[in-house]
Amino acid sequence: MATEIPPQLTLADIDLSDLRFWARPLEERARAFALLRAQPGPVFFTLPKLPFLRQSPGSWALVHHADVTEASRHPEIFSSEPSATSPADMPRWMDGYFNSMIDIVSRAFSPRMLARAEDDIARRAARIVDELVEAGGGDFVSGAAARLPVEVICDMLGIPARHHRRVVELTNIIVGYSDPEYVGATLEYRDGAPKPGRLGTLRMLGTVASAGWRLHRLAARLGRERRASPTGDLTSALVNANVDGERLTPREFATFFLLLVVAGNETTRNAIAHGLKLFTEHPDQRELLLADFDGRIAGAVEEIVRFSSPVIFMRRNLTRDHEMNGHTFRKGDRVTLFYWSANRDEAVFADPDRFDITRSPNPHVGFGGPGPHFCLGANLARREITVMFRELFTRVPDIAAGEPDRLKSGFINGYKRLPCTFTPPPARR
């Protein structure tokens with residue numbers, strides 16, 4: 001069943017570049033994207049002019065599953081350069097922190113390193129849930145969802161435990177660049193809303209750049225230590241071994257480091273948090289999972305990622321004129337691949353607004369579309385989500401989520417905080 005489009009909603013009510021749109025209830029967002037999918041072709045959205053940022057007139061919104069997957073298969077036409085994660089181009093002085101890194105990742109992120117990390121996940125999840133139980137609940141994001149992925153990634157890289165909390169804080173700033181809580185400035189920029197001006201924009205850029213610089217500095221120090229004294233972790237492998245005939249430069253390693261600690265943390269933490277909220281809102285699906293956890297958890301993980309779509313979009317840039325699905329794009333055009341909308345496409349998913357852990361097939365693009373930009377850590381994320389819910393539903397099967405404090409972002413569908421409660425389990429002997 002397709003999302004119902006109320007007659008009072010019009011295209012004039014939808015502005016994907018306005019942060020107030022992303023603060024709407026999720027049901028309203030779903031109806032808006034259903035209206036966009038009902039249009040005969042992609043809709044163009046203008047971008048606001050902000051001080052210090054390199055601007056373009058705007059971007060075409062790709063909201064259909066077919067468009068998102070087709071663009072993903074052709075990175076030579078739909079390029080991630082000069083930016084993939086920001087609607088606007090960052091100032092050139094920030095390129096060293098946030099430029100495209102897919103080539104580095106594809107050369108350096110080996111399945112062997114992932115396999116080594118998986119051995120430790122169950123033990124870490126058990127300890128995290130033990131501590132959540134001991135605390136009697138509280139914020140599920142900081143107490144559980146954010147901890148497992150950041151601990152696993154930091155362990156892979158060899159980042160000492162004393163830095164874990166700081167890594168979370170810095171990645172929150174980088175990913176939450178549009179949330180005033182993290183950057184100290186609002187980016188609401190439409191009529192009737194506060195405009196950031198030069199000072200507010202500069203404060204935002206400076207805060208994000210400072211977070212990137214601090215992570216780069218941590219990477220540089222760690223790289224120097226591992227080059228002098230290898231320990232067998234991922235950092236040691238990257239700074240001491242040649243990759244495709246050449247050693248990673250300090251800048252390449254630092255950039256790779258930044259990608260891994262941000263991407264390896266945010267997507268999984270939000271999928272875990274959304275998963276708990278979904279199982280709270282859909283007790284029938286929780287009951288179904290608990291009746292056959294091993295048989296249904298794989299499908300449940302895919303449905304959590306589809307339904308929540310932690311990464312809302314990625315940007316691509318046309319390298320040449322190209323016709324796709326009846327629309328001609330011109331060289332230099334920008335397009336935005338809305339994974340969140342593609343995962344609700346009525347042409348692909350039956351009853352797309354229903355959370356169904358038995359959904360099959362489930363060709364979602366929650367880990368990105370097919371092609372070289374598909375999330376290389378997808379299998380690690382699946383494993384982390386599986387292990388965390390196994391531990392939670394074994395120890396505290398009635399755990400329930402309250403109302404979330406949503407991240408103010410059009411890029412990440414995230415929760416900053418999510419209260420949780422449960423019946424205390426019997427003490428372990």
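Summed over the range 416-425, the residues that are open to solvent by 20 Å² or more (accessible area, probe 1.4 Å) and within 16 Å of E281 (Cα to Cα) give a count of 3. Suppose we filter the range 301-328 for residues that are outside any strand (DSSP E or B) and either free of Cβ contacts under 8 Å to residues at least 12 places away in the same chain or over 25 Å from S409 (Cβ atoms) (or both); how many remain? Selection size over the range 301-328: 5.
Considering only residues in the range 324-336 that are in contact with a Leu (Cβ under 6 Å, 6 or more places away or on another chain) and surrounded by 18 or more Cβ atoms within 10 Å (Cβ to Cβ), the one that is farthest from E266 (Cα to Cα) turns out to be F329. Annotation: A71 fulfils all but one of (1) under 28 Å from A254 (Cβ atoms); (2) crowded, with 19+ Cβ neighbours inside 10 Å; (3) at pLDDT 60 or above; (4) among the small types (G, A, S); the unmet one is (1). Taken together, K331, K277 contain a single residue that is more than 24 Å from V348 (Cα to Cα) and outside any helix (DSSP H, G or I), which is K331.
When residues in the range 286-323 are screened for being open to solvent by 10 Å² or more (accessible area, probe 1.4 Å) and within 19 Å of R344 (Cα to Cα), 6 of them pass. Checking every residue in the range 365-377 against the condition of being open to solvent by less than 60 Å² (accessible area, probe 1.4 Å) and within 20 Å of A144 (Cα to Cα) gives at least one match. Provide a single number: the residues in the range 13-27 that are of a type in the set (D, E) and assigned to a loop (DSSP other than H, G, I, E, B). So the answer is 2. Only one of the listed residues (R147, R116, R124) is at pLDDT below 90, open to solvent by 20 Å² or more (accessible area, probe 1.4 Å), of a type outside the set (A, V, I, L, M, F, W, C) and closer than 24 Å to G377 by Cα. That residue is R116. Kindly indicate whether any position in the range 359-382 is in contact with a helix residue (DSSP H, G or I) (Cβ under 6 Å, 6 or more places away or on another chain), at positive phi and touching a residue at least 60 places away in the same chain (Cβ under 8 Å). Looking for residues that are in contact with a helix residue (DSSP H, G or I) (Cβ under 6 Å, 6 or more places away or on another chain), at positive phi and touching a residue at least 60 places away in the same chain (Cβ under 8 Å), one finds at least one in the range 359-382, hence yes.
The values are calculated or read from the model by the stated rules, or taken from the named source; none is laboratory data. As the structure is a computational prediction, the values presented were derived from the model and not from experiment. We place every Cβ from the backbone using ideal geometry, glycine too, and count neighbours over all the protein chains shown. Accessible surface areas use protein heavy atoms only, side chains included; no ligands, DNA or RNA. Shrake-Rupley method; radii C 1.70, N 1.55, O 1.52, S 1.80 Å.
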